[in-house]
């Protein structure tokens, strides 16, 4: 096997495809580079056909931290569970590959994508599809390729379309659109957008289709070089699961019965009728026939249900639940559904019901990410849970599955453009969507329910978001676009097209397409129909909660942001954290101090305000003219130290304690006494001098002089027999008391 490399430039980026050197025992393997980012994709097909009635394809995306020159975090120092981004990338590779294999392919296929270098400039995800396509093709697998995936962005300053933009270019883009497919049609779409219009989305998709075709042409050029170096690519022979004519005929005879069983709006009732019919059909076959044709029988029963459902839509314009193509199922919207939680919303559409719950926390509770991407973490988090009971089934509960991660990410991307900035709303935000019932479009219900929960929590989102799932039936040359598809229409239809957005534009898209005839005109119809549906749903939501609460609920932490001088951070923290721990223990608040002096304080029921005041008191520098009520904390012969603020004392000199002469400080003030004082001086070292307000009469008689200050004894005044000598510095010839300050 000779190593082959094909390098090319497209849309301002440099690429290379390479095969024949790494992973040669796999069915096919290919290395793809964009810039210095390098990905190896190895595809392996089992030799034996499995006795399945589905296509057994597995796609894994393996992150290795050496690709970015880092050692994994944690105790074990070994990569373990895939990150959320790795799972999403595996799904992105899987979705265009799966419909490209022939019907009846039952050999196990495993595609493993592994980044070898992630240069932190060019993402590694989209090029994996091209690498998988090339690996399968040179491996001789029956596969409708070549395939490619591109990311389309748009420069916010110039409006120029970008293909596979760098991370820096993505930061300046209002659109992040990923498309995959062949040179002729799009099979997968994933997008987040900053309220982009339907027309702009269509233009971006048309441009993306051209870009996909350009990459597919480069793959063809690579295959030509491969053939020149290694000879023709010999297609491998795989036994396909072919229909059994007798089974097709005998099952097909029950078409009218299947159509009647399907015509029921209730999912449980319809499912029971369909399953009962399928069981009766199976009983018409002998035990030997059921054993011999078990796989074929399952396939044809599914096909019977599919054809009956699709024909009903095409021939009558009516769906299994009696709706028209554009009709949306009945809605139920209930914000503020749960007590005590920070925010909640129940959203139900037909037999799909989702309860979303929002929780607010400190910014330091953001999610930290340890991936090969240059992203540290995120402060808005959305999680989606799909327990078995929501479909009336039993099953194992455990770690979230790929579907749950993908649906949660879609809702997160849909709402992220309307989440306020940290400066406007200094909280970390987590929303959890619990699917209570599911009959299709649960991810869109979670988007709507999460909007309700955020508004109920007092999160000042810029605009509410709603979502809807669109479907497509293409049969006998006819095309019908369906609004608000249910589970059966998703499973047996040609397209699942989820659209989320505000009244201003689209914020997220996700599409899986099985139809090769998906034209721009059909996409335009689907987006226009989705816009009408989103508006209808949004109106119902706003009737229930017109706008976000003006502030978080009492049960939510009140987060206060203050700024302190950087040189005061040490004072607030204290030795070994003693001061800050004391404030937190006394008030119940949580405090997070940033390096620039920004302090975030979270507390419930006024705890945050109390903690903020204590921090302000620590860093505050008293100013001349300010008045305080303080307590005496120390007494010296020359005066008393009065605590003005926590950790900040001032000196009240003995001469300013009373009206008249004070012989001894303890005659007027003692430790613990409360005293009203005024700041009269703050020297260059921050030492504070005080004057007492409301001075009492000095012990021993009333004052003999007018004014606020006490009368000073003058040893050289009238009646004095003492003559001041050089070196005399104070009353009685003794040394003048030094003014000593304590901070």
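Is one or more of the residues making up the range 696-705 within 30 Å of residue 573 (Cβ to Cβ), modelled with pLDDT of 50 or more and not assigned by TED's automatic domain parsing to the domain that holds residue 578? No, the range 696-705 contains no residue that is within 30 Å of residue 573 (Cβ to Cβ), modelled with pLDDT of 50 or more and not assigned by TED's automatic domain parsing to the domain that holds residue 578. Go through (1) modelled with pLDDT under 95; (2) touching a helix residue (DSSP H, G or I) at 6+ places or on another chain (Cβ under 6 Å); (3) over 30 Å from residue 320 (Cβ atoms) one by one and return the number of the condition residue 240 breaks. Unmet condition: (2).
When residue 689 is tested against (1) modelled with pLDDT of 90 or more; (2) assigned to a loop (DSSP other than H, G, I, E, B); (3) at negative phi, just one condition goes unmet, and that condition is (2). Looking across the range 594-603, just one residue is crowded, with 16+ Cβ neighbours inside 10 Å and assigned to a loop (DSSP other than H, G, I, E, B), and that is 597.
Do any strands (runs of 3 or more DSSP E) entirely within the range 1-78 hold 1 or more residues that are in contact (Cβ under 8 Å) with a residue 40 or more places away in the chain and within 12 Å of residue 114 (Cα to Cα), and if so, which? If you could, list the steps in order and put the result at the bottom.
On the way: elements: 4-10, 13-19, 28-34, 37-49, 57-61.
Passing ranges, in order: 28-34, 37-49, 57-61.
Taking the criterion of being under 23 Å from residue 196 (Cα atoms) and either without any contact (Cβ under 8 Å) to a residue 60 or more places away in the chain or not in a loop (DSSP other than H, G, I, E, B) (or both), the residues of the range 425-457 that qualify are 443, 444, 445, 446, 447, 448, 449, 450, 451, 452, 454, 455. Scanning the range 610-625 for residues that are without any contact (Cβ under 8 Å) to a residue 60 or more places away in the chain, in a loop (DSSP other than H, G, I, E, B) and surrounded by 14 or more Cβ atoms within 10 Å (Cβ to Cβ) gives a single hit, 620.
Residues in the range 193-216: is at least one farther than 30 Å from residue 416 by Cβ and touching a helix residue (DSSP H, G or I) at 6+ places or on another chain (Cβ under 7 Å)?
Applying the first criterion (farther than 30 Å from residue 416 by Cβ) to the range 193-216 yields 213-214, 216.
Going one step further and asking which of them are touching a helix residue (DSSP H, G or I) at 6+ places or on another chain (Cβ under 7 Å), we end up with none.
No: the range 193-216 contains no residue that is farther than 30 Å from residue 416 by Cβ and touching a helix residue (DSSP H, G or I) at 6+ places or on another chain (Cβ under 7 Å).
Within the range 397-418, the set of residues being in contact (Cβ under 8 Å) with a residue 24 or more places away in the chain and surrounded by fewer than 19 Cβ atoms within 10 Å (Cβ to Cβ) comprises 399, 402, 416. Considering the range 346-376, the residues that are modelled with pLDDT under 90 and outside any loop (DSSP other than H, G, I, E, B) include one that is nearest to the chain's Cα centre (by Cα), namely 367.
Against the conditions (1) surrounded by fewer than 18 Cβ atoms within 10 Å (Cβ to Cβ); (2) at pLDDT below 95; (3) in a helix (DSSP H, G or I), residue 235 satisfies every one except (3). Of all residues in the range 557-582, those satisfying the criterion of being over 32 Å from the mean Cα position of the chain (by Cα), loosely packed, with under 15 Cβ neighbours inside 10 Å and under 23 Å from residue 361 (Cβ atoms) are 577, 582.
Of the residues making up the range 551-579, those that are over 23 Å from residue 686 (Cα atoms) and not in a strand (DSSP E or B) are 551, 552, 553, 554, 555, 556, 557, 576, 577, 578. Number of residues in the range 583-593 that are surrounded by fewer than 20 Cβ atoms within 10 Å (Cβ to Cβ), touching a helix residue (DSSP H, G or I) at 6+ places or on another chain (Cβ under 9 Å) and free of Cβ contacts under 8 Å to residues at least 40 places away in the same chain: the value is 4.
Quick one: which of 368, 430, 413, 402 is over 19 Å from residue 336 (Cβ atoms) and in contact with a helix residue (DSSP H, G or I) (Cβ under 9 Å, 6 or more places away or on another chain)? Full working, then the answer.
Values: 368 fails: in contact with a helix residue (DSSP H, G or I) (Cβ under 9 Å, 6 or more places away or on another chain); 430 fails: over 19 Å from residue 336 (Cβ atoms); 413 fails: in contact with a helix residue (DSSP H, G or I) (Cβ under 9 Å, 6 or more places away or on another chain).
Testing whether each residue is over 19 Å from residue 336 (Cβ atoms) and in contact with a helix residue (DSSP H, G or I) (Cβ under 9 Å, 6 or more places away or on another chain) leaves just 402.
When you check residue 256 against the structure, is it over 45 Å from the mean Cα position of the chain (by Cα) and either surrounded by fewer than 19 Cβ atoms within 10 Å (Cβ to Cβ) or farther than 30 Å from residue 311 by Cα (or both), yes or no? It is true that residue 256 is over 45 Å from the mean Cα position of the chain (by Cα) and either surrounded by fewer than 19 Cβ atoms within 10 Å (Cβ to Cβ) or farther than 30 Å from residue 311 by Cα (or both).
The set of residues in the range 283-293 that are surrounded by fewer than 16 Cβ atoms within 10 Å (Cβ to Cβ) and free of Cβ contacts under 8 Å to residues at least 24 places away in the same chain comprises 283, 286, 287, 288, 290, 291, 292. For the residues 440, 501, 471, the requirement of being within 21 Å of residue 200 (Cβ to Cβ) and touching a helix residue (DSSP H, G or I) at 6+ places or on another chain (Cβ under 9 Å) singles out 501. If you go through the range 513-527 and keep only what is in contact (Cβ under 8 Å) with a residue 40 or more places away in the chain and surrounded by fewer than 14 Cβ atoms within 10 Å (Cβ to Cβ), you end up with 517, 520.
Quick one: is residue 386 over 13 Å from the mean Cα position of the chain (by Cα) and either at pLDDT below 90 or over 25 Å from residue 499 (Cα atoms) (or both)? First the steps, then the outcome.
Numbers: over 13 Å from the mean Cα position of the chain (by Cα): yes; either at pLDDT below 90 or over 25 Å from residue 499 (Cα atoms) (or both): no.
No: the conditions fail for residue 386.
Could you pull out the residue among 86, 90 that is in contact (Cβ under 8 Å) with a residue 12 or more places away in the chain, more than 22 Å from residue 218 (Cα to Cα) and either crowded, with 24+ Cβ neighbours inside 10 Å or not assigned by TED's automatic domain parsing to the domain that holds residue 171 (or both)? Write out each step before concluding.
Numbers: 86 fails: either crowded, with 24+ Cβ neighbours inside 10 Å or not assigned by TED's automatic domain parsing to the domain that holds residue 171 (or both).
Within the list 86, 90, the selection yields 90.
Regarding residue 207, is this residue more than 18 Å from residue 502 (Cα to Cα), surrounded by fewer than 20 Cβ atoms within 10 Å (Cβ to Cβ), touching a strand residue (DSSP E or B) at 6+ places or on another chain (Cβ under 9 Å) and without any contact (Cβ under 8 Å) to a residue 60 or more places away in the chain? Yes: the conditions hold for residue 207.
The values are calculated or read from the model by the stated rules, or taken from the named source; none is laboratory data. As the structure is a computational prediction, the values presented were derived from the model and not from experiment. Note that we place each Cβ from the backbone using ideal geometry, even for glycine, and neighbour counts take in every protein chain shown.
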